[in-house]
1. Among the residues of the range 305-313, are any closer than 27 Å to residue 131 by Cβ and assigned to a loop (DSSP other than H, G, I, E, B)?
2. What is the number of the single condition among (1) free of Cβ contacts under 8 Å to residues at least 40 places away in the same chain; (2) not basic (Lys, Arg); (3) not assigned by TED's automatic domain parsing to the domain that holds residue 176 that residue 471 does not meet?
3. Look through 253, 266 and report the one residue that is surrounded by 13 or more Cβ atoms within 10 Å (Cβ to Cβ), under 22 Å from residue 494 (Cβ atoms) and touching a residue at least 24 places away in the same chain (Cβ under 8 Å).
4. Does at least one position in the range 349-360 carry a residue that is part of a helix (DSSP H, G or I) and touching a residue at least 60 places away in the same chain (Cβ under 8 Å)?
5. Among the residues of the range 268-289, is there at least one that is in contact with a helix residue (DSSP H, G or I) (Cβ under 8 Å, 6 or more places away or on another chain), closer than 29 Å to residue 134 by Cβ, of a type in the set (Lys, Arg) and in a strand (DSSP E or B)?
6. Quick check on my filter: what residues within the range 411-454 are buried (at least 23 other Cβ atoms within 10 Å of the Cβ) and of a type in the set (Phe, Trp, Tyr)?
7. Just to be sure, is residue 68 outside any helix (DSSP H, G or I) and more than 18 Å from residue 4 (Cα to Cα)?
8. Check every one of the strands (runs of 3 or more DSSP E) wholly within the range 431-515 and list those with 1 or more residues that are within 13 Å of residue 294 (Cβ to Cβ) and among the hydroxyl-bearing types (Ser, Thr, Tyr).
Amino acid sequence: MKIEKFKNMEVLDFKSPASKSRMEETLKSVKKEFGKTYKAFIGGKWIDTKDKITSINPSNPSEVVGYVASCTKSEADMAFDAAWKAFESWKNTKATERASYLFKVAKLMEEKRYELDSWMVYEVGKNWTEADGDVAEAIDALNYYAREAIRYARGYKPYQIPGERNEVKYIPLGAGVVIPPWNFPVAILTAMTAAAIASGNTVLLKPASITSVIGAKVAEIFCEAGLPDGVFNFVPGSGSKLGDYLVENPKTRFIAFTGSKEVGLRINELAAKPNGQKWIKRVILEMGGKDAIVVDETADLDAAAEGIVVSAFGNQGQKCSACSRVIAVDSIYDELLKKVIDRSKKIKVGDPSNFENWMGPVSSDEAMNKIMKYIEIGKNEGKLVLGGKRIGNTGFFIEPTIFSEVKGSARIAQEEIFGPVLAFIRAKDFDEAVQIFNGTEYGLTGGAYTKRKDRIKRVKDEFHVGNLYINRKITGALIGVQPFGGFNMSGTDSKAGGRDYLLLFLQAKSIAERI
């Protein structure tokens with residue numbers, strides 16, 4: 001099998017008449033499929049359940065996007081049995097063969113690109129470009145991890161000593177659980193699943209409930225690729241009813257999770273407790289962030305303002321990498337704030353099925369209520385200089401919101417809001433800006449705008465985050481280019497999309513043979 005050099009997938013240009021027209025037509029055809037029912041996929045069979053998850057359109061909650069099977073412990077047990085049975089042969093399947101399945105999934109996903117984009121516009125409120133970036137990242141993950149699996153399969157030769165032949169080989173862990181988030185319902189779901197499968201493991205995939213239809217659409221693609229029965233199992237269900245059971249289950253060998261700090265810590269705690277299994281469960285966590293951009297007096301303020309707005313309000317601020325704090329030195333604070341406000345005022349908020357609307361709804365009624373509560377908190381912690389209100393009373397739309405004169409210790413500067421809320425913090429100088437930057441429990445992403453080389457060096461050395469960006473936006477990590485994962489309460493620093501990631505789904509076996 002000839003494998004070409006990895007190359008990132010480019011995001012579609014929807015300003016192109018052809019792309020725009022095709023997307024408009026696909027949105028119409030996808031909407032005609034609203035209200036359908038989707039089954040679980042276990043051991044190579046589609047299985048229905050009595051209870052269903054109801055998925056709605058956050059732009060118009062009266063619209064039901066679809067109904068998805070809601071698995072119970074019974075279906076989970078079936079999936080574990082199927083996954084462990086499949087593992088016995090899948091673990092011995094050549095890496096090139098495993099990779100070929102992922103290449104096929106990637107090809108199918110590329111063919112269904114506009115459909116997947118459209119489902120995300122409707123089910124999670126992404127604008128067209130954000131949705132396509134999500135799919136492009138998923139395709140990249142499939143293609144990249146397939147290649148990485150082949151590399152790891154070679155093992156490596158350690159130092160040799162006379163009279164012995166020594167080698168190290170990597171073997172898979174077993175059957176595990178993948179629990180992705182709703183905000184990147186194709187990219188992260190696909191990437192975690194692909195990494196596990198490429199490494200020779202088998203998977204129980206439990207998608208986020210509010211994006212379970214998209215999860216089902218991805219499951220259909222994995223099914224179409226023809227993976228052996230039991231290698232991939234789709235087990236949608238309630239997080240509260242099914243999630244703990246999957247994590248605590250003695251048949252679970254590993255858990256790959258992306259989501260909130262609170263849920264991630266609970267998973268870590270539950271997984272650490274012995275429950276009859278003969279292994280320590282491998283736990284891979286990607287959690288929250290309270291990400292900041294520092295701007296000093298030498299920075300290009302127009303570039304900084306543009307990077308801040310895109311990082312803060314892209315995908316409604318519902319990214320763990322989103323900029324939720326701006327730390328500006330005193331001398332340029334007011335000028336930068338004005339530039340950010342002026343740009344933010346131009347953001348068009350509305351139903352993202354209309355290409356002109358750049359910012360869509362937040363994901364759910366629950367998310368909207370949480371964000372609005374933080375906005376009320378912010379009114380007592382800073383000066384509301386933009387937004388702060390819900391838009392209309394139909395969808396879950398919130399204005400881009402900015403608070404100025406926020407202290408670094410304020411709740412809206414410390415706690416993850418996960419919405420379109422930005423806190424502006426004034427620093428007397430660059431030294432204080434560095435202290436404020438590192439002054440949270442998180443350590444995911446962050447960046448700085450400065451022209452001084454000595455400060456760039458300080459940023460590289462002193463900003464304690466897993467993903468650091470200098471003189472550019474702090475979102476949009478590319479597979480194979482910017483391995484993603486954070487420090488402290490932001491997770492286990494998995495470095496997804498990098499050379500180290502598959503190692504988290506493998507274990508090394510050292511072999512010495514006397515000759």
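The values are calculated or read from the model by the stated rules, or taken from the named source; none is laboratory data. Everything quoted here is computed from the prediction, not taken from an experiment. Here the Cβ is made from the backbone with ideal geometry for all residues, glycine too, and neighbour counts use every protein chain on show.
1. No, there is no match, as no residue in the range 305-313 is closer than 27 Å to residue 131 by Cβ and assigned to a loop (DSSP other than H, G, I, E, B).
2. The one condition residue 471 does not meet is (1).
3. 253
4. Among the residues of the range 349-360, not one is part of a helix (DSSP H, G or I) and touching a residue at least 60 places away in the same chain (Cβ under 8 Å), which makes the answer no.
5. Yes, the range 268-289 contains at least one residue that is in contact with a helix residue (DSSP H, G or I) (Cβ under 8 Å, 6 or more places away or on another chain), closer than 29 Å to residue 134 by Cβ, of a type in the set (Lys, Arg) and in a strand (DSSP E or B).
6. 418, 424, 437, 442, 449
7. So residue 68 passes the test.
8. Once the strands (runs of 3 or more DSSP E) in the range 431-515 are filtered for at least 1 residues that are within 13 Å of residue 294 (Cβ to Cβ) and among the hydroxyl-bearing types (Ser, Thr, Tyr), what remains is 445-449, 467-470.
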